[in-house]
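Worksheet: the structure to be examined is printed underneath.
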Amino acid sequence: MAETVSMPKPGFDMQEGTLVRWVRVEGDAVEKGQVLAEIETDKATVEVEAPLSGVVYKHLVEQGSIVPIGTPIVIIAAPGEKVEDAPVSTPAVEPVKKEAAPVSEAAPSPSAVVESAASGDGRVKASPLARRMAQEKRINLATLKGSGPGGRVVRKDIEAALAAVPAPSPEPAIVQPVAAAAVPVEPVWTGGEIPADQHIPLNRLRSAIGRRLVESKQSVPHFYVTHNYNAEPLLALRSELNQLLPDDQKLTVNDFIVKAVALALRQFPNINASISGNELVRHGHVNVGVAVAVEGGLLTIACRDADQKPLRVISREVRDMAGRARSGKVRPEDVEGSTFSISNLGMYDVEEFIAIINPPEAAILAVGSAQKMPVVDGDTLRIGTRMRMTISADHRVTDGAEAAQFMQALAKFIEEPMRLVL
Amino acid sequence: MARITMREAISQALWEEMEKDPKVFILGEEVGVWGGTYAVTKGFYDHFGGDRVRDTPIAETAIIGGAIGAALTGLRPVAELMTINFAFSAFDHIVNQAAKMHYMFNGQMVLPMVIRAVGGGGRQLGATHSQTPDAIFAHFPGLKVVAPGTPADAKGLLKAAIRSDDPVMFIEHATLYQMRGEVPDGDYVVPIGKSTVQRPGRDITLVTYSKMLEVSLKAADQLAKDGIDVEIVDLRSLRPLDMDPVVESFKKTNRAVIVEEGWKSYGVGSEVAARLYEQAFDYADAPIKRIAQTEVPLPYNRALEQSALPNVDTVIAGVKEVLNG
């Protein structure tokens, strides 16, 4: 029985994606789970897998098309099967020339925000010729000031930008430290030329991060509540449990935090929520997003139903998804559907920081390092280990008192971590 | 090569083709004894006789219908319409019969006929006698439509039209008859369906034809004083429309203005602009501009009439607008 595969929704607020490559051509046999196509979204290139085994009967969209979410993209049929009523109408997709794709959505770089050609709706006005030239010369149109009507970027603006880019300077001489130096030191610049400024076009991910977070920071009224947690029991339990686990399955501090946050969120449905138009959506599922640093940006992977899952399952899922994210092979479901996010910079010796809410979620938790410090324990002063976390919350959704109560509830799970393994 | 008027060039082409081929004959109102309303056929009646230079009643349907019949039976008629505005009286014969017979009867017959029609405004002839409806005729597959802007092209294109086995609308502009230009002697033929660059330039492409070629050349001369180097492409034929020189020029200049005398809506400029976007979108550096007649019936009042027609000033303003756009 033939089945139609539709454009997946790789992100919460995704409306469309570019089908960059058909991995399987028409007539190819596919096994369930094999990759059919690659889709480029704001976040990454993701793979669409075959939901069943069969033969690729017909591609319904062309490679390079921008495809709205949910549009049928391919028919998988049984070998030898004739699909009588294959949809003949081509779905409303917008074929794009490769060069035109990224520029219209590019977010302006900070230095050019005021005078760039990017208009209020995020579209960059440029003549077709300017777009083509920009693509060929790898210039980010959004960074240019258009001299045409309404700030349209035209040929002469591109030519001016090209003239302004300095010619590559010769490789500066690097002088090795003298052999006698006891401690190796970084090479120093001596007499060579200072490297010229580099102009690097924003990639799609960088542009998307910029656009989404500018929008978040400008339109969401953030407020912040910081709590200082006693990390000693959690660290102790972790080392105890990890003695039982093989090296490749050891639990991270973050795994505990994911679980702790998930359980606390179960008690605070108002924080496990999203704004949608005039509505507040309190999510039934608790899907904890974890920000993962990837080359050139960051992705938020989603650990689904983390409140329901044992620590080891959380650990494995996060490890697998983060691995895929870092290798650029993230799947749509990896980055879809988080209801609350965690950003953890604990591994970088960070005392504390605050994060920007990942829209449309209502809050995000910024996790600092577990650090040794003097603590007052009853009437004595001793050395303890503390971990600071800061929640950034959307004041349209929740208020300081509730956020503070959430942080307090979180303390129960962080500081009595046996609750996480029960 | 002689420097002659467009009237003389058209007359020369007709004369030479009639001398060359006894099947060629002329019919129309006042073309014979009187020598033509615009004196194009002066002296033809005396030389070729009444059988080959036939005066007709004031009945355009009869003129075109007679031409169709003559063409079907093997002659090569050249029918003259005193003005193209009267072509509407013969519209069915032109677009339903002449344009379609070859197709509808499976190619069994050809219609080697030319309709010489005089068009254009600017002579205070009133709304019904001053129209430039070239685009209407160019709309119909089955017709060829040519409209020369120089004496040389008038001679060369008319010869090609007379020799063509398809019906050809040969549209002359009434205010160009006195225009002088170098015209090659003898058998000079300009193929139908070939646009040409009339003035090379590098800054902007000006696409035009017929009377507006003269206007555009004058505008280009003035713009040159401001350091603006205009390239002018003369379409010469509206159907078939040769876009190659237009596209080539546009790829070089990246900006275009189309100047026509007729109304803008659904006009020649619309067609050329659409084809440029289809064929050279990635070369556009500014929106393409159409310059055309103000969308009113052309006024009789001299000042109003002139203000409704495209002129050197409007072309210059349009070019500058697109260059700044």
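Identify all residues within the stretch A:29-68 that are among the basic types (Lys, Arg) and either part of a loop (DSSP other than H, G, I, E, B) or modelled with pLDDT under 85 (or both); write none if there are none.
Within the stretch A:29-68, A:Lys32, A:Lys43 meet the criteria.
Given the condition closer than 20 Å to B:Asp242 by Cα and at pLDDT 95 or above, answer yes or no: does some residue in the stretch B:108-125 qualify?
no
Out of B:Ser237, B:Ser249, I need the residue that is hydroxyl-bearing (Ser, Thr, Tyr), outside the structural domain of B:His129 (by TED's automatic domain parsing), touching a Leu at 6+ places or on another chain (Cβ under 8 Å) and buried (at least 23 other Cβ atoms within 10 Å of the Cβ). Which one?
Result of the check over B:Ser237, B:Ser249: B:Ser237.
Would you point out which residue out of B:Lys225, B:Lys289 is over 17 Å from B:Thr132 (Cβ atoms) and either in contact with a Cys (Cβ under 8 Å, 6 or more places away or on another chain) or within 14 Å of another protein chain (Cβ to nearest Cβ) (or both)?
Within the list B:Lys225, B:Lys289, the selection yields B:Lys289.
How do the helices (runs of 4 or more DSSP H) wholly within the stretch B:1-114 filter down when requiring 1 or more residues that are acidic (Asp, Glu): which remain?
Answer list for the stretch B:1-114: B:6-20, B:44-48, B:60-72.
Among the residues of the stretch B:181-208, write down those that are among the basic types (Lys, Arg) and within 17 Å of the chain's Cα centre (by Cα).
Hit for the stretch B:181-208 is B:Lys194, nothing else.
When the stretch A:145-167 is examined, which residues are found to be over 17 Å from B:Phe281 (Cβ atoms), within 14 Å of another protein chain (Cβ to nearest Cβ) and in contact with a helix residue (DSSP H, G or I) (Cβ under 7 Å, 6 or more places away or on another chain)?
A:Gly146, A:Ser147, A:Asp157
Looking at the stretch B:57-81, which of its residues are surrounded by fewer than 20 Cβ atoms within 10 Å (Cβ to Cβ) and in contact with a strand residue (DSSP E or B) (Cβ under 8 Å, 6 or more places away or on another chain)?
Those that are surrounded by fewer than 20 Cβ atoms within 10 Å (Cβ to Cβ) and in contact with a strand residue (DSSP E or B) (Cβ under 8 Å, 6 or more places away or on another chain): B:Gly66, B:Leu75.
To keep it simple, each residue is scored yes or no on (1) hydrophobic (A, V, I, L, M, F, W, C); (2) within 28 Å of B:Ala161 (Cα to Cα).
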{"residue": "B:Glu231", "(1), (2)": "no, yes"}
{"residue": "B:Ala256", "(1), (2)": "yes, no"}
{"residue": "B:Gln279", "(1), (2)": "no, no"}
{"residue": "B:Arg290", "(1), (2)": "no, no"}
{"residue": "B:Leu298", "(1), (2)": "yes, no"}
{"residue": "B:Val322", "(1), (2)": "yes, no"}
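With respect to A:Ser116, determine if the residue is over 24 Å from the mean Cα position of the chain (by Cα), away from chain B (no Cβ under 14 Å), more than 30 Å from A:Tyr57 (Cα to Cα) and modelled with pLDDT under 85.
yes
Assess whether B:Lys251 counts as being basic (Lys, Arg) and away from chain A (no Cβ under 14 Å).
No.
Return yes or no: is A:Ala262 part of a helix (DSSP H, G or I) and closer than 17 Å to A:Ala362 by Cβ?
When the stated conditions are applied, A:Ala262 passes them.
If we keep just the residues of the stretch A:236-271 that are more than 23 Å from A:Arg319 (Cα to Cα) and touching a residue at least 60 places away in the same chain (Cβ under 8 Å), which is surrounded by the fewest Cβ atoms within 10 Å (Cβ to Cβ)?
Filtering first and then ranking leaves A:Gln267.
Can you find a residue in the stretch B:293-300 that is within 14 Å of chain A (Cβ to nearest Cβ) and not acidic (Asp, Glu)?
No, the stretch B:293-300 contains no residue that is within 14 Å of chain A (Cβ to nearest Cβ) and not acidic (Asp, Glu).
If I ask for residues that are more than 14 Å from chain A (Cβ to nearest Cβ) and within 27 Å of A:Met133 (Cα to Cα), which ones from the stretch B:301-325 would you list?
B:Gly318, B:Val319
Restricting to the stretch B:88-124, give me the number of residues that are touching a residue at least 60 places away in the same chain (Cβ under 8 Å) and either of a type in the set (A, V, I, L, M, F, W, C) or not assigned by TED's automatic domain parsing to the domain that holds B:Gly66 (or both).
Of the residues in that region, 4 qualify.
Which one is nearest to the chain's Cα centre (by Cα), of the residues in the stretch B:122-159 that are of a type outside the set (Lys, Arg) and under 15 Å from B:Gln178 (Cα atoms)?
B:Pro148
Please find, within the stretch B:254-286, the residue that is nearest to the other protein chains (Cβ to nearest Cβ) out of those that are over 27 Å from B:Ala152 (Cβ atoms), of a type in the set (A, V, I, L, M, F, W, C) and touching a Ser or Thr at 6+ places or on another chain (Cβ under 9 Å).
Looking at residues that are over 27 Å from B:Ala152 (Cβ atoms), of a type in the set (A, V, I, L, M, F, W, C) and touching a Ser or Thr at 6+ places or on another chain (Cβ under 9 Å), I get B:Ala284.
The values are calculated or read from the model by the stated rules, or taken from the named source; none is laboratory data. Computed from a prediction, not measured in an experiment: that's the story for all the values here. Counting neighbours? That spans all protein chains shown, and the Cβs are built from the backbone with ideal geometry, glycine included.
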